[in-house]
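Worksheet: one structure, shown below.
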Amino acid sequence: MDFLKKLKNNTRDKSRDNFYQHLITLGIDVSLAERGAKEEKLLNPWHRRSLGVININSDSLISYINIIKRDRSKDTPPRWWYYFGIPSKTSGNKSDYIEVKSTRIKSFPVFGKVKSIRWDFNANGEILAEKFTKDSDINSLSMDLGNIKVQSLHENFSGYSIELEFKGKGAKSTGKGAKSTTLHINHWNTLNKIAKIFIENKKTNL
C-alpha cells in the first residue's frame, strides 16, 4: 500500500504544490484547501480538471486560486489555467456579465517578442478596458506572464475571476508533467490592483 501511495504521489501533477510554495517565498500567507472544495468547480468544464485550490489567508481581495489543467492528448500538449477568485456580491442576471481580456501583440507571430497589449471587452467592459489600457503595471503583468481574462461571476459563484495562463517569463516546464510558475511581489500586487478596480467599478454602478 505504501508503495502504491508513493507511486501515485510521484506521478501526480504537482503544479498546485509548486505554486503554493512559491507564494510562501513571496511572504503571502496561504494554505492548501482540502480536495473537493466547491471552488474547484469555478470555471472548470468537463474536459478539464481542477488540481485543487490554494486559499489566500493574507489581507487580499483575492481569496483563493483554482488551478485547472487540460491533460495532454494525442494532438495537443497539456495546458494550465490559474483562476484568482475575488468574492463579492454580483448580479444574478447574466446580462450584467463583464469580460475584459488581453491579447499580447508580438513583433513576429508565435516566436516574436511581445511589443504591446490590446484589451478586448464585451458590452459591459469598455470602461474597465480603458482603465487597463492606461495602466502600465497591468500591461506589464500581461507582457511578463501571459494573457489575462477578467470576468464577473454569476449564478453558482458571486464575484470576479482573474484568469491567467502563464506563457511569459513566469512559465517553465518541470519535465515531470507539471507546471512551474513564478511571479514576483509586484505581479501579485498588480493582480490585487485589478481586483480593486473591478470592485470600485461595481460600486460606481450601484
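Derivation of every value follows stated rules applied to the coordinates shown; laboratory data play no part. Because the structure is predicted, anything quoted here is derived from the model rather than measured. Counting neighbours? That spans all protein chains shown, and the Cβs are built from the backbone with ideal geometry, glycine included.
The sum of -39500 (n - 2.57) across all DSSP H runs of n ≥ 4, divided by the residue count of the chain, sets its helix-only mean residue ellipticity at 222 nm to -9000 deg cm²/dmol.
Starting from 0.36 nm per residue, how many nanometres of slack lie between Ile105 and His22 once their C-alpha separation is accounted for? Working shown, then result.
On the way: separation 83, 0.36 × 83 = 29.88 nm, distance 2.83 nm.
Full-extension gain reported as 27.0 nm.
Among 94-103, 147-156, 72-81, sorting by the average number of other beta carbon atoms lying within 10 angstrom of each residue, highest first, gives 147-156, 94-103, 72-81.
How long is the gain from Asp96 to Asp120 if the chain were fully straight, where each residue apart is worth 0.36 nm and the alpha carbon distance is subtracted? Intermediate values should be presented prior to the final figure.
Numbers: separation 24, 0.36 × 24 = 8.64 nm, distance 1.68 nm.
Full extension from Asp96 to Asp120 adds 7.0 nm.
Provide the gained length on full extension for the span His47 to Lys196, in nm with one decimal, where the gain is 0.36 nm per separating residue minus the Cα-Cα distance.
Numbers: separation 149, 0.36 × 149 = 53.64 nm, distance 3.16 nm.
Once the chain is fully extended between His47 and Lys196, it gains 50.5 nm.
Do the alpha carbons of any pairs in Lys167/Lys202; Lys106/Lys131; Lys69/Lys196; Lys14/Lys89; Lys134/Lys202 sit beyond 25 Å of each other, and which pairs? Walk me through the intermediate numbers first.
Details: Lys167/Lys202 30 Å; Lys106/Lys131 22 Å; Lys69/Lys196 27 Å; Lys14/Lys89 32 Å; Lys134/Lys202 19 Å.
Too far apart for the 25 Å limit: Lys167/Lys202; Lys69/Lys196; Lys14/Lys89.
May I ask for log10 I(q)/I(0) of the range 120-169 at q = 0.23, 0.29 Å⁻¹, from a Debye sum over the Cα atoms as equal point scatterers with solvent left out? Scattering profile of the range 120-169, log10 relative to I(0): -0.94, -1.15.
Values [x] 17.4, 58; [y] 19.1, 60; [z] 28.3, 85 are given for comparison; Rg and Dmax of the Cα atoms in Å, derived from the coordinates here, is the one labelled [x]. For a straight C-alpha distance cut-off of 18 angstrom, the aspartates and glutamates reachable from Lys113 (same-chain residues fewer than eight places away being disregarded) are Asp144, Glu165.
What is the sum of charges, Lys and Arg at +1 and Asp and Glu at -1, for the other residues whose Cβ falls under 11 Å from the Cβ of Arg70? Present the calculation step by step, with values, prior to reporting the outcome.
Values: positive: Arg48, Arg49, Lys69, Arg72, Arg79; negative: Asp71, Glu165.
Around Arg70, the surrounding residues sum to +3.
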